[in-house]
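Worksheet: one structure, shown below.
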Amino acid sequence: MSGLDVKVASLFNVKGKIVLVTGGGAGIGKMIATGFAQNGAKVYIASRKEPQLKEAVAEISAELKSAASPGSVSYIVGNVGSKAGCDALIAEFKKRESKLHVLVNNSGITWGGPYEDFPEEKGWDNIFNVNVKSIFYMTAGLTELLCKDSNNRDPGRVINISSTASVDPRSEGALSRPGNGTWSYQPSKAAVNHLTSQLALKLAPRHVTVNAILPGVFPSKMTAFGLKTAGDAVFIANQPSGRYGTTEDMAGLALFLASPASAHVTGAHIIIDGGARYGVRPEYPTKL
């Protein structure tokens, strides 16, 4: 037991780590990027929209002024909707860094349409290209860099952002427009879960962990329509925790999966939904 170090500052330390977050300009990706940057990591965020990336970098950088051990954040413009796009993003990243400690595959899109007339290209092909194929191509293309500093005590990390939709067969609900369903989104996220397991098995001998985060409702562009039209009460009523997910919730879980505390965790699919998967929030009596 000599030299044992289980202090929080050591177990959850990500200072100096190099992190790439796809889809990092907004929503969950931005939440995760903020968490890493505020805890001393060197963060790159990537997406198609440069104005959005510039705005995110400015906002995250402003928040770093009050951080105890701030890292940094910068951006790379890239489109992961095809293998060629993934390859181009990887090539640009390699111009800047010779190693990578944490890859967060966060880019994701959805499409809503009627059951009887759901489009093939926009409804199915594009969704699987971004939500599933990009995870494979980004991970495969960056595996060499993820292995540069990895060992069985401090492995390289891949964090895939899935969704509780991956374990929920309902495609029509409050988050989609009336008469439409997100028929391809749920299957794409279920595929993310299985791909996470495949990659975890493949990369474990090379000292790289691969885990999936399955968020419930977090405020983002993807949930904005449902939250606006249905209203907070509809969603809160189904949240045993009585609230949505927050930046602190998402950043905290991502930091755990990238820190020494989770070095022996791989192939996990971690739900973070405040208990929403268990159904309607129970009403407890005020007096027993």
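A few points about this structure:
- Near pairs, Cβ below 7 angstrom, 6+ apart or cross-chain, from the stretch 63-87 (closer than 18 Å to V104 by Cβ and outside any loop (DSSP other than H, G, I, E, B)) to any residue that is modelled with pLDDT of 95 or more and among the acidic types (D, E): I76/E92; V77/E50
- Listed by first and then second residue, the pairs with beta-carbon distance under 8 Å, at least 6 apart or on different chains, first residue in the stretch 14-27 and over 16 Å from S69 (Cβ atoms) and surrounded by fewer than 24 Cβ atoms within 10 Å (Cβ to Cβ), second hydroxyl-bearing (S, T, Y) and at pLDDT below 95, are A26/S220; G27/S220.
- I90 meets each of the listed conditions (1) closer than 20 Å to T196 by Cα; (2) of a type outside the set (G, A, S); (3) surrounded by fewer than 18 Cβ atoms within 10 Å (Cβ to Cβ) apart from (3).
- Only one entry in K49, K30 is under 17 Å from the mean Cα position of the chain (by Cα), under 21 Å from N105 (Cβ atoms) and basic (K, R), namely K30.
- Considered as a group, the residues in the stretch 246-284 that are among the hydroxyl-bearing types (S, T, Y) and part of a loop (DSSP other than H, G, I, E, B) include one that is modelled with the lowest pLDDT, and that residue is Y284.
- Taking the criterion of being over 19 Å from the mean Cα position of the chain (by Cα) and in contact (Cβ under 8 Å) with a residue 24 or more places away in the chain, the residues of the stretch 94-114 that qualify are K94, R96, E97, S98, K99, G112, G113, P114.
- Residue within the stretch 72-87 that is crowded, with 20+ Cβ neighbours inside 10 Å and farther than 22 Å from K49 by Cα present: no
- Scanning the stretch 20-61 for residues that are hydroxyl-bearing (S, T, Y) and within 17 Å of L89 (Cα to Cα) yields T22, Y44, S47.
- Hits in the stretch 192-212 - residues which are part of a helix (DSSP H, G or I), among the aliphatic types (A, V, I, L, M) and buried (at least 16 other Cβ atoms within 10 Å of the Cβ): V192, L195, L199, A200, L203
- Selection status of I90, more than 15 Å from S134 (Cβ to Cβ) and in contact (Cβ under 8 Å) with a residue 24 or more places away in the chain: no
- Scope the stretch 45-55; condition in contact with a helix residue (DSSP H, G or I) (Cβ under 8 Å, 6 or more places away or on another chain) and either surrounded by fewer than 23 Cβ atoms within 10 Å (Cβ to Cβ) or β-branched (V, I, T) (or both); matching residues: I45
- Subset of the stretch 80-101 [of a type in the set (A, V, I, L, M), within 24 Å of I127 (Cα to Cα) and in contact with a helix residue (DSSP H, G or I) (Cβ under 7 Å, 6 or more places away or on another chain)]: V80, I90
- Residue in the stretch 53-62 that is out of contact with any Phe, Trp or Tyr (no Cβ under 9 Å at 6 or more places or on another chain), free of Cβ contacts under 8 Å to residues at least 60 places away in the same chain and not in a helix (DSSP H, G or I) present: no
The values are calculated or read from the model by the stated rules, or taken from the named source; none is laboratory data. A quick note: this is a predicted structure, and the numbers were derived from the prediction, not measured. A quick note on method: Cβ atoms are made from the backbone with ideal geometry, for glycine too, and the neighbour counts reach across all protein chains shown.
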